[in-house]
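The values are calculated or read from the model by the stated rules, or taken from the named source; none is laboratory data. As the structure is a prediction and not an experimental result, all values here were calculated from the model. We place every Cβ from the backbone using ideal geometry, glycine too, and count neighbours over all the protein chains shown.
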Amino acid sequence: MEAINLSKTLRPYENKWVAITKDYKKVIASGKTLKEAIKNAAGKNVPPIYTYVNSFKTGYSPTNT
């Protein structure tokens, strides 16, 4: 499976929660909180995937603690 680069698609949603289509091609809703993103995605008739968009100005490294 080829990697999907979402940086251009998600840049306008920096530091927000987004609801994205399962094929990762379109953002269907967003919000400052997950609750707000869920509310904004309601009624779109598209089963979304929710994720938080971190700042593009900082790095992110997951840890196993």
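Scanning region 23-55 for residues that are closer than 11 Å to Tyr13 by Cα and either in contact with a Cys (Cβ under 8 Å, 6 or more places away or on another chain) or of a type outside the set (Phe, Trp, Tyr) (or both) gives Val27, Ala29, Ser30, Gly31, Lys32, Thr51, Val53, Asn54, Ser55. Here Thr9 meets the list (1) touching a Lys or Arg at 6+ places or on another chain (Cβ under 9 Å); (2) on the phi > 0 side of the Ramachandran plot; (3) among the polar types (S, T, N, Q) almost entirely, failing just condition (2). Among the residues of region 3-33, those identified as surrounded by fewer than 15 Cβ atoms within 10 Å (Cβ to Cβ), within 22 Å of Asn45 (Cβ to Cβ) and without any contact (Cβ under 8 Å) to a residue 24 or more places away in the chain are Asp23, Lys25, Lys26.
Where strands (runs of 3 or more DSSP E) fall entirely within the chain, those with at least 3 residues that are at pLDDT 90 or above and among the hydroxyl-bearing types (Ser, Thr, Tyr) are at 49-53.
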